[in-house]
Amino acid sequence: MHLAFLQVDLHIPHSHSLKDKRSVLKRLINLLRTQHNVAVAEIGHHDAWQSAHLGVVTINNEAEDTHRILQRVIHAIGNFDGCDLTDYRIEKL
């Protein structure tokens, strides 16, 4: 069993309130969960209007598959309208 964890830092330039931020994050999180079958949670920057820190987790029988899934997640976030990917880190457990 292989577990991989992705931490993502986002900039949400058009957000002017926490409500705006939550709207963008809700769309992004739903997209990632449905298209990539991963667990996603906001793990930091809860009170900042224009930044977010997300955690994404996947588990699989093959280590290569976990890495491949997270690479697709990174690509999906990079192409998502409404936020900019500023940094990411992948950890394998």
Modelling each spin label as a point 7 Å along the Cα-to-Cβ direction, I'd like the Gln35/Ser17 distance in nm, to one decimal.
2.8
Taking amide H positions as placed 1.01 Å from N in the peptide plane, with prolines and chain starts having none, which residues 5 or more places from Phe80, or on another chain, fall under 5 Å of its amide H?
none
Convex hull volume per residue in cubic angstrom - Cα atoms of the chain:
75
The alpha-carbon center of segment 1-22 and that of segment 36-93 are separated, in whole Å, by 8
Could you run the Karplus curve 6.51 cos²θ - 1.76 cosθ + 1.60 with θ = phi - 60° over segment 51-56 and give me ³J(HN,Hα) per residue in whole Hz, x for Gly and Pro?
9, 8, 10, 10, x, 10
With +1 on each Lys and Arg Cβ and -1 on each Asp and Glu Cβ, how big is the dipole of the chain about its Cα centre, in debye rounded to the nearest 20?
280
Amide H proximity to Ser51 below 5 Å, modelled H, separation 5+ or other chain, gives Ile12
³J(HN,Hα) across segment 25-31 via Karplus (A = 6.51, B = -1.76, C = 1.60, θ = phi - 60°), whole Hz, x for Gly/Pro?
5, 4, 4, 5, 4, 4, 4
What nm distance separates the two modelled labels at Ser51 and Arg68, each placed 7 Å from Cα along Cα→Cβ?
3.5
Report D for segment 32-75 in µm² per second (integer): Stokes-Einstein, Kirkwood Rh on Cα pairs, 37 °C, 0.692 mPa s.
285
Accessible area per residue of the chain at 1.4 Å probe, in Å²?
59
Can you tell me, using C-alpha contacts under 8 Å and at least 6 residues apart, the relative contact order of the chain as a whole percent?
49
Nearest-10 value in Å² for the accessible area of Arg89, using the 1.4 Å probe:
80
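The values are calculated or read from the model by the stated rules, or taken from the named source; none is laboratory data. For clarity, every value in this text was computed on a predicted model and none was experimentally measured. For neighbour counting, all protein chains shown are included, and Cβ atoms are generated from backbone atoms with ideal geometry for every residue, glycine included. Accessible surface is based on the protein model in full, side chains and every heavy atom, while ligands, DNA and RNA are left aside. Shrake-Rupley method; radii C 1.70, N 1.55, O 1.52, S 1.80 Å.
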